[in-house]
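Below: one structure, written as structure tokens.
The values are calculated or read from the model by the stated rules, or taken from the named source; none is laboratory data. All values derive from a computational prediction rather than experimental measurement. Positions of Cβ are backbone-derived with ideal geometry, glycine not excepted, and every protein chain shown enters the neighbour counts.
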Amino acid sequence: MRRSAALLLAGAVAAGLAVAVLPQTFASAAAGCRVDYTITSQWPGGFQGDVRITNLGDPISGWSLAFDFANTGQRITQGWNATWNQSGSRVTAASQSWNGSLGTNAATGIGFTGSWSGANPVPASFTLNGTTCTGSVAPTTGTPTGNPTTSPPTSNPPTSPPPPTGTTPVAINGQLRVCGVNLCNQYNRPIQLRGMSTHGIQWFGSCYNNASLDALANDWKADLFRISMYVQEQGYETNPTAFTNQVNNLVDMATARGLYALIDFHILTPGDPHFNLDRAKTFFAAVSARHADKKNVIYEIANEPNGVSWASIKSYAEQVIPVIRANDPDGIVIVGTRAWSSLGVSEGGNETEVVNNPVNASNVMYAFHFYAASHRDNYRAAVSRAASRIPLFVTEFGTVDYTGSGPFDQASSATWLDLLDSLKISYANWTFSDHEESSAALLPGTCARGNYTGTGVLKPSGQFIRGRIMTADNFPTS
Ligand code: IDC
């Protein structure tokens, strides 16, 4: 039967006849797709592309997009919301667990940053699961274009998020995502978050309560609260359940005030994150499940790797990230970098080891840490170079030397923060605590006294940082 049906069909097709009813074995899903490709920005040697995929056929449960760059001088350097690969000029992007299912007429957005030389980075020949797509290719205004090879744009109204539901950082910005080298809000606009890090919550837990979080949100007008959970030094390893609960409570307190919560898995000594790999998987499975529905949680999976290669850190990240993604697919993950999150600089390296070998996951940023009195021009130069290639987040910095003590270096601190502001790099200052050391913002005894507002409770560093953080945010909403 099968054989004769096949012959019948082959004959009908050869004769140019329409086949009205196909036997079951030949039924195939209706296929069709539309791709709208936009170069959202372009600069000498680099560009960012956003790709919107619309399924015009039957529902699909996974997809692979393919297209050709104009030549092999164009390279994908980092992609998001898909697994990106490139061979010669051929680029493929495969769906992730959370965006593979597309009903009829459903759309999803993916994107990348790339490098280019020679010709314009205008792509051609889009296919989705092997089917040729219609669509549009839109360059950035004012940049050279090349020849679009797909059909002209048709109306494709963007699904814009609703206006802000309040005035807190989270109410305005909503769920964040990595967009090229930036952190973007729900309106797809780059933003910078500014805030404070706790000291080790095993030592300074009494400093984090309703009054201090109110002060951070309302008096400091912070956007971000970093929760530093040491793993060693009397931290998580001594009582995983209690520390997980403590972190969860602090996330809830930040959430209640519309602050972004940065969960810091504070590895430090030993510096090899693999030492704590099993603990990291257990911890991040728990916290990502608990906070999966929130829009304000960011995961920092390794505070300061040291004495290990970038390849080793990357392999740790690629084992921890899937644990988080399984529960919280759109949560941003920040990966520590080599040599105490210095992009390798403090051990004689530089940012190229990350630029040339990024973590194989989307929605990922890279940590950079500095202590203003110890780390100066050569570190700033590394940040300046890296910032146009990879998404950076200063999850920790001090205004003093690398020990957390010594004189407050206002000049270097201001130079650093001016640089971060100009690059829209988010930051958290070490520490919102009343430790005697000069990096701690609060005067000793403040946490016992319980009043956290104003400048009277602050050391010089705290006064300076509060002044920087409380200036208006100006988050874009359209
Ligand atoms: C320091 C604290 C200090 C504490 C010490 C314990 O300021 O009170 O005794 O940790 O390990 C980092 C680390 C951070 C350090 C900080 C200052 O992420 O844990 O905190 N620092 O030394 N990296 C560079 C500097």
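Restricting attention to the range 221-271 and to residues that are of a type in the set (Phe, Trp, Tyr) and either closer than 24 Å to Thr165 by Cβ or in contact with a strand residue (DSSP E or B) (Cβ under 6 Å, 6 or more places away or on another chain) (or both), the residue that is farthest from the ligand (Cβ to nearest atom) turns out to be Tyr260. For beta carbons closer than 7 Å, sequence separation of 6+ or different chains, a first residue in the range 187-207 that is of a type in the set (Val, Ile, Thr) and a second that is within 14 Å of the ligand (Cβ to nearest atom) and in a strand (DSSP E or B), the qualifying pairs are Thr198/Arg226; Thr198/Ile227; Thr198/Ser228; Ile201/Ile227; Ile201/Ser228; Ile201/Met229.
Does any residue of the range 305-324 turn out to be within 16 Å of the ligand (Cβ to nearest atom), buried (at least 23 other Cβ atoms within 10 Å of the Cβ) and not in a helix (DSSP H, G or I)? Yes; the residues of the range 305-324 include at least one that is within 16 Å of the ligand (Cβ to nearest atom), buried (at least 23 other Cβ atoms within 10 Å of the Cβ) and not in a helix (DSSP H, G or I). In the range 369-404, how many are assigned to a loop (DSSP other than H, G, I, E, B), within 16 Å of the ligand (Cβ to nearest atom) and either surrounded by 23 or more Cβ atoms within 10 Å (Cβ to Cβ) or among the hydrophobic types (A, V, I, L, M, F, W, C) (or both)? Count: 5.
Within the range 46-61, restricting attention to residues that are more than 23 Å from the chain's Cα centre (by Cα) and not hydrophobic (A, V, I, L, M, F, W, C), the residue that is surrounded by the most Cβ atoms within 10 Å (Cβ to Cβ) is Asn55. Surrounded by fewer than 16 Cβ atoms within 10 Å (Cβ to Cβ), modelled with pLDDT of 80 or more and of a type in the set (A, V, I, L, M, F, W, C): which single residue out of Ala20, Ala70, Ala94 fits that description? The unique qualifying residue is Ala94.
Taking the stated definitions as given, is Thr455 more than 16 Å from the ligand (Cβ to nearest atom), in contact (Cβ under 8 Å) with a residue 60 or more places away in the chain and part of a loop (DSSP other than H, G, I, E, B)? Break it down stepwise before answering.
Numbers: more than 16 Å from the ligand (Cβ to nearest atom): yes; in contact (Cβ under 8 Å) with a residue 60 or more places away in the chain: no; part of a loop (DSSP other than H, G, I, E, B): yes.
So Thr455 does not fit the description; no.
Checking each residue in the range 362-412 for being within 20 Å of Pro305 (Cα to Cα), small (Gly, Ala, Ser) and touching a Gly at 6+ places or on another chain (Cβ under 7 Å) picks out Ala367, Ala372, Gly398, Gly404.
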